[in-house]
Amino acid sequence: KGTVSVGANNVKVDFNSNLITFPPIVDLNGAGTGTGFEAEFRSLPVAIVGTTSTVTDGDNANLSSLTAAITNFQAGDTLDVTVSSGITKTFSAGVLTLRGSGTLSAYQTVLRTLIFNTTSTNSTSRTIAVKANDGGGDGPVATATVKIQLVTTPIIDLNGSASGTGFTAKFNATP
């Protein structure tokens, strides 16, 4: 808040600087260029954020929620985090929602545990849109791209061209 006086008549203008708000910013790669992140899935859960990912806000010390949505969700896709500090999680239809008034630091700690997993056989890369809300509105979206590299389990055929894949061996014990 402040006051400006102008001229001999002392025209008084009051203003409120609280009208300027800053949205929360999610940066999935931390110190890297931009705010996005790329990962490659090869049959095991994969982190979709960097270890130095950040959550910042120019005018709030807390967040009220953070969402991560798989924009091209396939049946079998999941997102998960390890929650703490009163932050709760729900996952439904490709959207992971974190809720609860928590500090930027608490949300940042939870964000750094964000993983993608899938049982789908669809090899299309997945796009995950992540945004935070400080109670005054959503911040811009940071995007993670997960390249899907399907790994087929090799079949070990122990009996060659015979039917099946098994092999039986008999050992004779000689006294």
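Key figures
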| item | result |
| --- | --- |
| Selected residue (criterion: surrounded by the most Cβ atoms within 10 Å (Cβ to Cβ)) from residues of the range 139-155 that are assigned to a loop (DSSP other than H, G, I, E, B) and at pLDDT 75 or above | 139 |
| Whichever residue in the range 111-132 is crowded, with 21+ Cβ neighbours inside 10 Å and of a type in the set (A, V, I, L, M, F, W, C) and, among such residues, is nearest to residue 45 (Cα to Cα) | 116 |
| Per-region count, the range 127-138, residues assigned to a loop (DSSP other than H, G, I, E, B) and touching a Leu at 6+ places or on another chain (Cβ under 9 Å) | 2 |
| Enumeration of residues in the range 38-74 that are surrounded by fewer than 17 Cβ atoms within 10 Å (Cβ to Cβ) and of a type in the set (Asp, Glu) | 38, 40, 59 |
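Every residue, every condition in (1) open to solvent by 70 Å² or more (accessible area, probe 1.4 Å); (2) among the hydrophobic types (A, V, I, L, M, F, W, C); (3) without any contact (Cβ under 8 Å) to a residue 60 or more places away in the chain, yes or no:
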| site | (1), (2), (3) |
| --- | --- |
| 76 | no, no, yes |
| 82 | yes, no, yes |
| 87 | no, yes, yes |
| 106 | no, yes, yes |
| 134 | no, no, no |
| 157 | yes, no, yes |
| 160 | no, no, yes |
| 170 | yes, no, yes |
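The values are calculated or read from the model by the stated rules, or taken from the named source; none is laboratory data. Predicted model, so just to flag it, every value in this text is computed and none were measured. Note that each Cβ is placed from the backbone with ideal geometry, even for glycine, and that neighbours are counted across all protein chains shown. Each accessible area value is taken on the protein alone, full model and side chains, heavy atoms only, with ligands, DNA and RNA left out. Shrake-Rupley method; radii C 1.70, N 1.55, O 1.52, S 1.80 Å.
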